[in-house]
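To start, the structure itself, in structure tokens.
The values are calculated or read from the model by the stated rules, or taken from the named source; none is laboratory data. Everything numeric in this text was worked out from a predicted model, so none of it was measured. Virtual Cβ from ideal backbone geometry, glycine too; neighbours counted across all protein chains shown. Accessible surface is based on the protein model in full, side chains and every heavy atom, while ligands, DNA and RNA are left aside. Shrake-Rupley method; radii C 1.70, N 1.55, O 1.52, S 1.80 Å.
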Amino acid sequence: MSTAQPPNPAADPASTADRPVDLAGIGIGPFNLSLAALAHGVPALRTACYEQRPAFHWHPGLLIDGATIQVPFLADLVTLADPGSPWTFLQYLKAHERLFPFYVAERFHIERAEYDAYCRWVSEQLPGLHFDHRVDAVRWDHEYELFEIDFTRLGPAADAPAPHATGTDEEGRALGRVYARNLVLGVGTEPYVPEPLRPLADAPNVPVLHSSDYLEHRERLLATGHVTVIGSGQSGAEVFLDLLRNRPLGAEGLHWMARTPAFAPMEYSKLGLEQFSPDYTRYFHTLPEPVRDQLLPRQWQLYKGIAHETLDAIHHELYRRAMHSDGWPGAVLTPGVTVRTAGRIAAAQLELHLEHTEQGTRARHTTEAVVLATGYRERRVETLLAALDPYIRRDASERPRVDADHRLVLDPMIKGSVYVQNAERHTHGVGTPDLGLAAWRSAVILNSLLAEPAYRLPSRTAFTVFGLQPSGRCGTVVGNPHLPDQRAPLTPTRT
């Protein structure tokens with residue numbers, strides 16, 4: 001592929017029913033940004049992506065100073081599919097004259113803030129990305145055999161003429177419509193708040209917040225007398241560590257609790273990491289639905305655990321504080337605990353009713369603020385795809401069926417394809433939200449749209465052989481155009 005420098009920003013040509021885009025992306029997070037970057041190297045494809053936010057930002061509330069991403073820098077937007085791309089992380093470093101300092105630093109895992117800046121650099125130069133565009137509805141036009149995408153132009157630029165505009169709404173914002181032969185949904189995930197804590201989190205002026213908003217409230221939390229962090233994953237650990245490092249010695253006023261039986265490290269052995277390889281993804285997809293559903297909960301330590309370095313840093317900080325104070329630090333860590341109910345008991349106090357899973361005991365816990373590091377859930381798209389819902393084929397649990405190329409299985413009446421990114425863990429396994437598979441999945445999607453693959457992908461990616469029978473298309477180039485129609489019913493291969 002091309003090794004030329006990135007072009008200057010350019011506006012995407014207006015799209016009409018006479019000249020639709022080949023692939024329209026809804027949402028511009030890392031995954032659709034990866035897709036757009038790789039599609040830029042395929043002149044035969046016309047693509048466009050739409051995002052309601054005014055600019056690219058990746059988990060801004062968790063860009064804690066010093067926090068790193070949990071995959072190597074090679075897991076950027078494009079390298080693992082096209083290391084010669086102008087959109088690699090190394091090209092970003094070169095453009096900012098930091099290539100030699102990075103070489104000397106010998107850092108394999110980069111800081112989150114730098115990954116966010118890298119992605120924003122790509123998004124500000126890559127053509128065909130439309131921020132401040134909220135997609136409102138998607139329909140299939142049976143006459144033209146195209147997807148109709150209705151959007152609203154948001155933000156301060158809304159007064160300017162919108163590309164492919166069709167009118168204005170009641171507030172004077174520009175409305176528009178684009179047509180596409182295929183879609184890819186990359187709308188991301190949304191913060192998950194457990195039911196017992198939802199009333200407090202939804203109430204105004206109550207200091208119960210999700211970790212995704214941590215930095216916005218950090219100074220307020222540091223000034224609060226007692227803070228409770230809930231959640232056993234990496235985000236909970238990073239929030240707890242940041243608060244611990246910045247609160248008074250001997251008066252930490254912190255409690256970290258989680259449902260898991262321990263604050264467990266993430267599985268990071270080399271062979272364990274092969275479960276984040278394309279080989280394992282293909283293997284997982286061939287398994288029967290009940291087997292996949294049983295596997296996922298048992299694999300929690302592959303993606304819900306904590307980095308060894310973070311656990312070491314927490315223990316070191318606790319030990320340092322114990323050494324320099326008269327007793328144990330004022331920080332309590334309690335795993336194996338669930339929150340049954342929660343409420344306010346005073347103007348500045350919250351009460352959590354706890355249950356210890358193994359002991360079967362209950363207690364009340366008083367605090368002044370709660371940070372919920374309770375993860376994320378797939379963002380709901382039922383309203384957006386309401387017109388397509390009758391055509392989406394579902395599994396026994398009423399989830400969309402997704403084929404090996406990350407396409408929704410649709411009624412044959414729909415001639416176009418709808419791809420999904422980070423919404424297919426039930427069919428493709430624990431690697432679905434992993435940044436390390438972003439470029440590979442993007443290449444799979446692009447290859448499936450073309451008569452000849454644009455990106456040659458490896459036939460084997462792991463030393464481990466998963467299963468006793470070949471899994472899917474191991475040994476072939478992913479995206480082979482001579483596969484059966486993606487809308488045909490999926491018949492899992494039992495292994």
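Here is how the numbers come out for the structure above:
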{"quantity": "Any chance residue 424 is among the charged types (D, E, K, R) and touching a residue at least 12 places away in the same chain (Cβ under 8 Å)", "calculated": "yes"}
{"quantity": "Residue check for residue 313: touching a helix residue (DSSP H, G or I) at 6+ places or on another chain (Cβ under 8 Å), over 30 Å from residue 464 (Cα atoms) and of a type in the set (A, V, I, L, M)", "calculated": "yes"}
{"quantity": "Residue within region 362-379 that is more than 30 Å from residue 226 (Cβ to Cβ) and not aromatic (Phe, Trp, Tyr) present", "calculated": "yes"}
{"quantity": "Failed item in (1) over 20 Å from residue 456 (Cα atoms); (2) in a loop (DSSP other than H, G, I, E, B), with residue 45 passing the rest", "calculated": "(1)"}
{"quantity": "Among the residues listed as 309, 289, the single one being open to solvent by 90 Å² or more (accessible area, probe 1.4 Å) and under 25 Å from the mean Cα position of the chain (by Cα)", "calculated": "309"}
{"quantity": "Residue tally, condition open to solvent by less than 20 Å² (accessible area, probe 1.4 Å) and more than 17 Å from residue 433 (Cβ to Cβ), over region 65-80", "calculated": "2"}
{"quantity": "Residue 374 vs. criteria at pLDDT 95 or above, farther than 14 Å from residue 208 by Cβ and among the polar types (S, T, N, Q)", "calculated": "no"}
{"quantity": "Residue 5 assigned by the TED database to the domain that holds residue 416 and modelled with pLDDT under 95", "calculated": "no"}
{"quantity": "Only listed residue being surrounded by fewer than 18 Cβ atoms within 10 Å (Cβ to Cβ), outside the structural domain of residue 50 (by the TED database) and closer than 16 Å to residue 259 by Cβ, chosen from 195, 216", "calculated": "195"}
{"quantity": "Neighbours by Cβ (under 8 Å, 6+ apart or cross-chain): first from region 120-141, on the phi < 0 side of the Ramachandran plot; second surrounded by fewer than 20 Cβ atoms within 10 Å (Cβ to Cβ) and of a type in the set (Lys, Arg)", "calculated": "131/53"}
{"quantity": "In region 417-432, the residues that are within 14 Å of the chain's Cα centre (by Cα), of a type in the set (S, T, N, Q) and farther than 20 Å from residue 297 by Cα", "calculated": "421"}
{"quantity": "Lone qualifier among 344, 379, 321, 340 - being buried (at least 17 other Cβ atoms within 10 Å of the Cβ) and among the basic types (Lys, Arg)", "calculated": "321"}
{"quantity": "In region 330-367, the residues that are under 20 Å from residue 233 (Cβ atoms), out of contact with any Gly (no Cβ under 6 Å at 6 or more places or on another chain) and assigned to a loop (DSSP other than H, G, I, E, B)", "calculated": "335, 336"}
{"quantity": "Evaluation of residue 392 against (1) under 21 Å from residue 181 (Cα atoms); (2) open to solvent by less than 10 Å² (accessible area, probe 1.4 Å) (one fails), failing number", "calculated": "(2)"}
{"quantity": "Condition check for residue 261: open to solvent by 20 Å² or more (accessible area, probe 1.4 Å) and over 27 Å from residue 298 (Cα atoms)", "calculated": "no"}
{"quantity": "Answer from 345, 306, 392 - the residue that is farther than 22 Å from residue 67 by Cβ and either touching a Pro at 6+ places or on another chain (Cβ under 7 Å) or outside the structural domain of residue 219 (by the TED database) (or both)", "calculated": "392"}
{"quantity": "Filter result for residue 360 (under 32 Å from the mean Cα position of the chain (by Cα) and open to solvent by less than 90 Å² (accessible area, probe 1.4 Å))", "calculated": "no"}
